[in-house]
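What follows is a set of notes on a single structure, which appears directly below.
The values are calculated or read from the model by the stated rules, or taken from the named source; none is laboratory data. Since this is a predicted model, take the numbers as computed values, not measurements. Here Cβ is always computed from backbone atoms with ideal geometry, including for glycine, and neighbour counts include all displayed protein chains.
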Amino acid sequence: MFSVQLSGAFSVGFIDRLGPVGAAWLRMLAGAIILLAISRPKIRGLTRRDRLAVIALGITTGSMTFFFFAAIQRIPLGTAVAVEFLGPLVVAAVRGRRGLTLAYPLIAMIGVILLTKPWAGQIDVVGILFALGSGVGWAIYILLTPLVGEKFSGISALSLTIPIAAICYAPLGIPVALPHLSWDIIAIAFGLALLMPVIPLAFEIVALRSMSAAAFGTLAAIEPAMGVLIGALILAQVPTAIQLVGITLVVAAGIASQRAEVT
């Protein structure tokens, strides 16, 4: 999760140079090249349903990246991650189908309100909507992943979905990114791609083999807090006291939701 949020923080300057569309597409392209160099997934024997699931997951992955990059261009990193986190929380609540579980997204929403402080009149509605779009993508990603996971595992699945994302969004990304291409831009794109998704995936595979699903889910729920920390340290996006209360509510709701889903 540290690598993911570090990638988000370093992406802000990259986005300033290329815009969210160009930056997102170049990172996906670099990630596709790295992943295909590491793993060559076998696509023979896939049914039409399997192919559609892989394509849908690739498009969803690309959409998440575009929306998230557009969000962090306008709102603080920690706020964007917290809003985005509502997506998986809603999925967990629906899966739980219990009164208390359904309350967790509402608790997280209160936290998001404290983070964005709409009463101060400084809320960036467009940025929040972009983050919500990324959250919707994350929710769809969670629902689609088991369908792809039946045929592929870990890095093999990403070696298909990330290239598909890069191909599908090339018509949007190429016109924006091409005029800005230089060796330093290419190097940054590959560096960001290593931070997300290559390195996080490698650590995720190791973690899932050495700890329980409950423990892993609890750690993943801390991601919004990590976003706030990285945003403060690298981007000088220091939260106020009330915003810290907000992020605490989001993290607490995430941890409770993960534990409820496992039990």
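Looking only at the range 109-130, count every residue that is over 10 Å from LEU249 (Cβ atoms) and either surrounded by 14 or more Cβ atoms within 10 Å (Cβ to Cβ) or of a type in the set (Asp, Glu) (or both) and tell me the total.
First, pick out the residues of the range 109-130 that are over 10 Å from LEU249 (Cβ atoms): 116-130.
Within this subset, residues satisfying the condition of being either surrounded by 14 or more Cβ atoms within 10 Å (Cβ to Cβ) or of a type in the set (Asp, Glu) (or both) are 116-117, 123-124, 127-130.
Selection size over the range 109-130: 8.
Residues in the range 151-160 include none that are buried (at least 19 other Cβ atoms within 10 Å of the Cβ) and modelled with pLDDT of 95 or more. Looking only at the range 82-108, count every residue that is modelled with pLDDT of 85 or more and crowded, with 16+ Cβ neighbours inside 10 Å and tell me the total. Total meeting the criteria: 14. Scanning the range 172-191 for residues that are under 15 Å from GLY19 (Cβ atoms) and in a helix (DSSP H, G or I) yields LEU172, GLY173, ILE174, PRO175, VAL176, ALA177, LEU178, PRO179, HIS180, ILE185, ILE188, ALA189. Quick check: is even one residue across the range 35-42 in contact (Cβ under 8 Å) with a residue 24 or more places away in the chain, in a helix (DSSP H, G or I), crowded, with 19+ Cβ neighbours inside 10 Å and in contact with a helix residue (DSSP H, G or I) (Cβ under 8 Å, 6 or more places away or on another chain)? Yes, the range 35-42 has at least one match.
Only one of ALA232, ALA221, ALA241 is surrounded by 15 or more Cβ atoms within 10 Å (Cβ to Cβ) and at pLDDT 90 or above; which? Outline the logic, then answer.
On the way: ALA221 fails: at pLDDT 90 or above; ALA241 fails: surrounded by 15 or more Cβ atoms within 10 Å (Cβ to Cβ).
Step by step, each of ALA232, ALA221, ALA241 is checked, and only ALA232 is surrounded by 15 or more Cβ atoms within 10 Å (Cβ to Cβ) and at pLDDT 90 or above.
Mind telling me which of the residues ALA71, ALA56 ends up being assigned to a helix (DSSP H, G or I) and in contact with a Pro (Cβ under 9 Å, 6 or more places away or on another chain)? Before the answer, list the steps.
On the way: ALA56 fails: in contact with a Pro (Cβ under 9 Å, 6 or more places away or on another chain).
Sole residue among the options that is assigned to a helix (DSSP H, G or I) and in contact with a Pro (Cβ under 9 Å, 6 or more places away or on another chain): ALA71.
Close contacts from the range 157-179, counting a first residue that is closer than 15 Å to ILE33 by Cβ and touching a residue at least 60 places away in the same chain (Cβ under 8 Å) and a second that is of a type outside the set (Val, Ile, Thr) and not in a helix (DSSP H, G or I), with Cβ to Cβ under 6 Å and a gap of 6+ residues or different chains, come to SER159/SER39; SER159/PRO41; LEU160/PRO41. Take the range 19-28 and flag every residue that is surrounded by fewer than 24 Cβ atoms within 10 Å (Cβ to Cβ) and either farther than 14 Å from GLY62 by Cβ or among the hydrophobic types (A, V, I, L, M, F, W, C) (or both). Scanning the range 19-28 gives GLY19, VAL21.
Could you identify the single residue in THR60, THR47 that is of a type in the set (Ser, Thr, Tyr) and out of contact with any helix residue (DSSP H, G or I) (no Cβ under 6 Å at 6 or more places or on another chain)? Unique residue meeting the criteria: THR47.
Of everything in the range 173-184 that's in contact with a Phe, Trp or Tyr (Cβ under 8 Å, 6 or more places away or on another chain) and closer than 12 Å to LEU29 by Cβ, which residue is surrounded by the most Cβ atoms within 10 Å (Cβ to Cβ)? Walk me through how you get there before you give the answer.
To start, the set of residues in the range 173-184 that are in contact with a Phe, Trp or Tyr (Cβ under 8 Å, 6 or more places away or on another chain) comprises 173-174, 176-177.
Okay, now just the ones that are also closer than 12 Å to LEU29 by Cβ, so 173-174, 177.
Details: GLY173: 24, ILE174: 16, ALA177: 21.
The residue in question is GLY173.
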